[in-house]
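Let me begin by presenting the structure, written as structure tokens, before commenting on it.
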């Protein structure tokens, strides 16, 4: 006769009758199970279960002391063993007896006398399901740990507190609100100082969602930090991004919608190159606002895209506000902003009502937006503000 297939998994057989217990162990071993534990009572079963987690429990009901139903309830009440399949085997075959078994938490019920083929088949199915579930749970926990680590890495991409204080000393207050649609996302920004007191920045929305978008954001970060030597020229930096992103994303149809800018607090000027980002706006010190067009093809779609610099005045008390698509892509809320101008009006109304400090502008806008529309946001959300707080501290 051919040897039975070797089956994985540890089986715990619980029965106070020596003959029944040894018979079930023998049948299971002939069926290919090598790891079998046995218990003569409910108390002994609980002792074993306190130290190991079997892949299946074959459990008699009628036993002196702690019966099978109580053992089953204990298994279900213990988090470590709650998912272990329990097959109750009993001579009681009435409908009420089966109901009691399932109410106690049984996965399956076998009626004595047991058929060897049925015993092996049911234990095999439940053990295989349990082991597959355990592998999926292990994979899930590993993915959660890796996503948590990736979240930390993504959170470290924007300028840290020390760098933000450096910008503040130059007269520029950056503030952000970042909220990925899943565990991690592709919205990204960074900034860098120049020796003459100006500050360059990039804000972008990498196409896609989740892990793949985050990986593309890391690639984008590698192209910008540290900034290339020609980063003082937004057009040259845009050409650099177009070529490198097109090369890296070629064939994937992915791109980066964004804006490259240089803030000059000394001369009170914003110079920028738009690349398919949502139009931002400037909140002026006098309470007015104006749109900042950021049209153009996203970065990376065309390797040699002609681009030009636009210039806007930005003086102390003014704040540039940028935002990603999520704020205008809410389809299932009647009051949600329909376009960039609608968001500008909503944001200006909130600013007029609450008058948030310039160095908290984006965070306050993001918090209020999340309170009102957060459950309806399906894309990565980024709001970034860059305010000119005062002329820079000069040596």
Unmet requirement for residue 344, which otherwise passes all of (1) buried (at least 19 other Cβ atoms within 10 Å of the Cβ); (2) closer than 30 Å to residue 244 by Cα: (2)
Subset of the stretch 8-26 that is surrounded by fewer than 18 Cβ atoms within 10 Å (Cβ to Cβ) and closer than 16 Å to residue 116 by Cα - its residue that is farthest from the chain's Cα centre (by Cα): 19
Residues of the stretch 146-181 being touching a residue at least 40 places away in the same chain (Cβ under 8 Å), more than 11 Å from the chain's Cα centre (by Cα) and over 16 Å from residue 215 (Cβ atoms), which ones? 168, 169, 170, 171, 172, 173, 174, 175, 176, 177, 178
For residue 334, all conditions in the list (1) assigned to a strand (DSSP E or B); (2) more than 25 Å from residue 207 (Cβ to Cβ); (3) modelled with pLDDT under 95 hold save one; what is the number of the exception? (1)
Residues of the stretch 370-385 being crowded, with 20+ Cβ neighbours inside 10 Å and either touching a strand residue (DSSP E or B) at 6+ places or on another chain (Cβ under 7 Å) or assigned to a strand (DSSP E or B) (or both), which ones? 380, 381, 382, 383, 384, 385
Note: among 54, 5, just one is part of a loop (DSSP other than H, G, I, E, B), touching a strand residue (DSSP E or B) at 6+ places or on another chain (Cβ under 7 Å), in contact (Cβ under 8 Å) with a residue 12 or more places away in the chain and within 19 Å of residue 127 (Cβ to Cβ), namely 54
Inspect the stretch 157-168 for any residue being over 24 Å from residue 388 (Cα atoms), crowded, with 17+ Cβ neighbours inside 10 Å and either at pLDDT 95 or above or in contact with a helix residue (DSSP H, G or I) (Cβ under 6 Å, 6 or more places away or on another chain) (or both) and give the result as yes or no. no
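The values are calculated or read from the model by the stated rules, or taken from the named source; none is laboratory data. Just so it is clear, the structure is predicted and the values come from calculations on it, not from any experiment. As a convention, Cβ positions derive from the backbone with ideal geometry for all residues, glycine included, and neighbour counts pool all protein chains shown.
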